[in-house]
1. Here are some residues: Ser29, Ser87, Ser71, Ser117. Which one is in a helix (DSSP H, G or I), over 14 Å from Trp364 (Cβ atoms), among the polar types (S, T, N, Q) and in contact with a Ser or Thr (Cβ under 8 Å, 6 or more places away or on another chain)?
2. Name the residue that is surrounded by the most Cβ atoms within 10 Å (Cβ to Cβ), counting only residues in region 368-396 that are among the hydroxyl-bearing types (Ser, Thr, Tyr) and more than 19 Å from Arg128 (Cβ to Cβ).
3. Does Thr378 fit the bill of being β-branched (Val, Ile, Thr) and modelled with pLDDT of 85 or more?
4. Can you name the condition, by its number, that Leu163 falls short on among (1) surrounded by 12 or more Cβ atoms within 10 Å (Cβ to Cβ); (2) more than 24 Å from Ala331 (Cα to Cα); (3) at pLDDT 85 or above?
5. Given the options Val341, Val346, Val333, name the one that is under 30 Å from Glu382 (Cα atoms), among the aliphatic types (A, V, I, L, M), surrounded by 12 or more Cβ atoms within 10 Å (Cβ to Cβ) and at pLDDT 80 or above.
6. For region 93-109, enumerate the residues that are assigned to a helix (DSSP H, G or I) and touching a Phe, Trp or Tyr at 6+ places or on another chain (Cβ under 8 Å).
7. Looking at region 190-219 only, could you name the residues that are free of Cβ contacts under 8 Å to residues at least 12 places away in the same chain and either farther than 16 Å from Thr115 by Cα or crowded, with 17+ Cβ neighbours inside 10 Å (or both)?
Amino acid sequence: MDFFNWTEGAFTTNSSSYDSSETATLPPSKILLTITLSVVAILTTFFNCLVITAIAVTRKLHHPANYLICSLAVTDLLVAVLVMPFSIIYIQNEKWVMGEVVCTIWLSIDIACCTCSILHLATIAIDRYRAITDAVEYSRKRTGARAGAMVAVVWLLSILISLPPLLWRHYSDDEEHKDQCIIIHHHMAFTLYSTLGAFYIPLLLILILYYKIYKAAQTLYMRREASRASRHSCMTNGSMIPSSYPAGDSDGDGGPRSPDPISPPEKSFSEPSTEETPRERVRVSKKVFQSKSRRHDSRSESRRSQMYQGPRISGSRERKAASTLGLIIGAFVICWLPFFVKEVIVNTCGSCNTSIEMADFLTWLGYLNSLINPLIYTIFNEDFKKAFQKLIRCSHYL
């Protein structure tokens, strides 16, 4: 993601310092690096295609929230297909060899897609926050059209953030950097505009929203736990006496209903010649009563065991929610924060520079987020797991 002034940064080289015989054969370290980056690009393509296909062919996943996940996967797929391969060639040759037009197109796609991927994460955080804090009202507003509008806004903001760097580069024609595909500028205001819009504001929004989501989920679990505890307390203190019959076997007034020896349909369709004696009727009614009592006792025992396990279940769900949010935020911060911190430091400090290797590493660490996104946002969803399993099973028969 080549946002800013990289005069001492990634992919910088002096073509005169390399002899033709040296560039003809790549060193083993460069070959290993190329293979590693190619594997990352292939895996990113595969997993994002898997997410898109699962949402497209699985009816159960046709939900507005998953449309945002699908749009994120499409954005990350564009990074894998249109950005990573050119970056690999750039690193391999240590100079730009594909012309000015391709450089401009690559830079525009690079900046726009990476920015759009980051803004998608913020949009998903907003959607999840509204869904958990205003579930009833937001469920009516959470439509496919609304999700499409959110995606359109994300792409529009990404273009507005990425367009100024491209326009600035268009007017920066410097012969010294003819073998580089970079954006050159010397204004701190431009750095602040780009970094704040592309990363720091979305990061702050994600941190605040996911913290509120965690607190709201924690409050919800606490309420459910208190409700279960109060019901269990009433039953153990004797103030709530369970009925001898299932809820469906009671009358309209809520009281227990005495068992009928024979149900009305059996009475109406029974013939006089085959009608049972009173003693047999009593025996049948006793069996029906005992079977209903056993069923209700098993249900009551199951409900009581669930009440005993209530705090444990709530605690496990809370830990799972916390771990999921931690993975989402942690992966995003680890992948993109070093790159944007470096950009701010390099472009605001005249004597601060980074090596070519470090700049390449930080750039690809940001690209790695496009591989992690489809894993984190789907691996904890049972519907996605089942859809992936079906797709993988079907692929064995092809």
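The values are calculated or read from the model by the stated rules, or taken from the named source; none is laboratory data. If you're wondering where the values come from, they're calculated on a predicted model, not measured in any experiment. We place every Cβ from the backbone using ideal geometry, glycine too, and count neighbours over all the protein chains shown.
1. Values: Ser29 fails: in contact with a Ser or Thr (Cβ under 8 Å, 6 or more places away or on another chain); Ser87 fails: over 14 Å from Trp364 (Cβ atoms); Ser71 fails: in contact with a Ser or Thr (Cβ under 8 Å, 6 or more places away or on another chain).
Residue meeting the stated conditions: Ser117.
2. Initial filter on region 368-396 (among the hydroxyl-bearing types (Ser, Thr, Tyr)): 370, 377-378, 395.
Then drop every residue that is not more than 19 Å from Arg128 (Cβ to Cβ), which leaves 370, 395.
Working: Ser370: 28, Ser395: 8.
This residue is Ser370.
3. Details: β-branched (Val, Ile, Thr): yes; modelled with pLDDT of 85 or more: yes.
In short, yes.
4. (3)
5. Values: Val341 fails: under 30 Å from Glu382 (Cα atoms); Val346 fails: under 30 Å from Glu382 (Cα atoms).
None of the other options fit; the residue is Val333.
6. From region 93-109, those assigned to a helix (DSSP H, G or I) are 93, 99-109; that's our starting set.
Selection gives Val102, Cys103, Trp106.
7. Listed by number, the residues that qualify are Ile208, Tyr211, Lys215, Thr219.
One line per residue, one yes/no per condition, for (1) of a type in the set (Val, Ile, Thr); (2) under 17 Å from the mean Cα position of the chain (by Cα):
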site	(1), (2)
Glu94	no, no
Ser108	no, no
His120	no, yes
Tyr129	no, yes
Val136	yes, no
Ser139	no, no
Thr143	yes, no
Val153	yes, no
Leu156	no, no
